[in-house]
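Working notes for the structure below.
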């Protein structure tokens, strides 16, 4: 898998799919059904928001996922010389910039 393919897979699976899963869970889960106190609090908070507030939560989740993947790629660059991880990171961030400019 080349850098472009890896970056695209990370963007699709570690960002888009993860945020979509969280969005689905936030829309369909009941706070009383959650066993984790953090998740109960998040569900209650999300449920009290209007549509604009809910979109903001999802944008924050998206950006947090992008930041986490980018940070992980930086760590790999420092510790694993088997691949040019900075190239993967740069390509990943370009994909995100392209997504932002198209919305």
query = Using r as the Cβ-Cβ distance of residue 50 and residue 98, and R0 as 41 Å, what FRET efficiency do you calculate, to the nearest 0.05?
reply = 0.90
note = The extension gain from residue 58 to residue 41, computed as 0.36 nm times the residue separation minus the Cα-Cα distance, is 4.6 nm
task = Report, to the nearest 10°, how far helix 37-48 tilts away from the longest principal axis of the Cα atoms in the chain, using its own Cα long axis and a range of 0 to 90°.
result = 70 degrees
key: the chain: angle of helix 85-101 to the longest principal axis, Cα-based, in degrees nearest 10   = 50 degrees
note = Between the Cα axis of helix 51-79 and the main Cα principal axis of the chain, the angle (0 to 90°, nearest 10) is 30 degrees
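For Cα pairs less than 8 Å apart in space and 6+ apart in sequence, what is the mean separation divided by the residue count of the chain, i.e. the relative contact order in percent?
Numbers: 62 pairs, mean separation 42.0, N = 103.
RCO, the chain: 41 percent.
Every read-out reported here was derived from the displayed coordinates using simple, explicitly stated rules and does not represent laboratory data. Everything numeric here is computed off the predicted structure, so don't read it as measured data. No Cβ is skipped: glycine too gets one built from the backbone with ideal geometry, and neighbour counts run over all protein chains shown.
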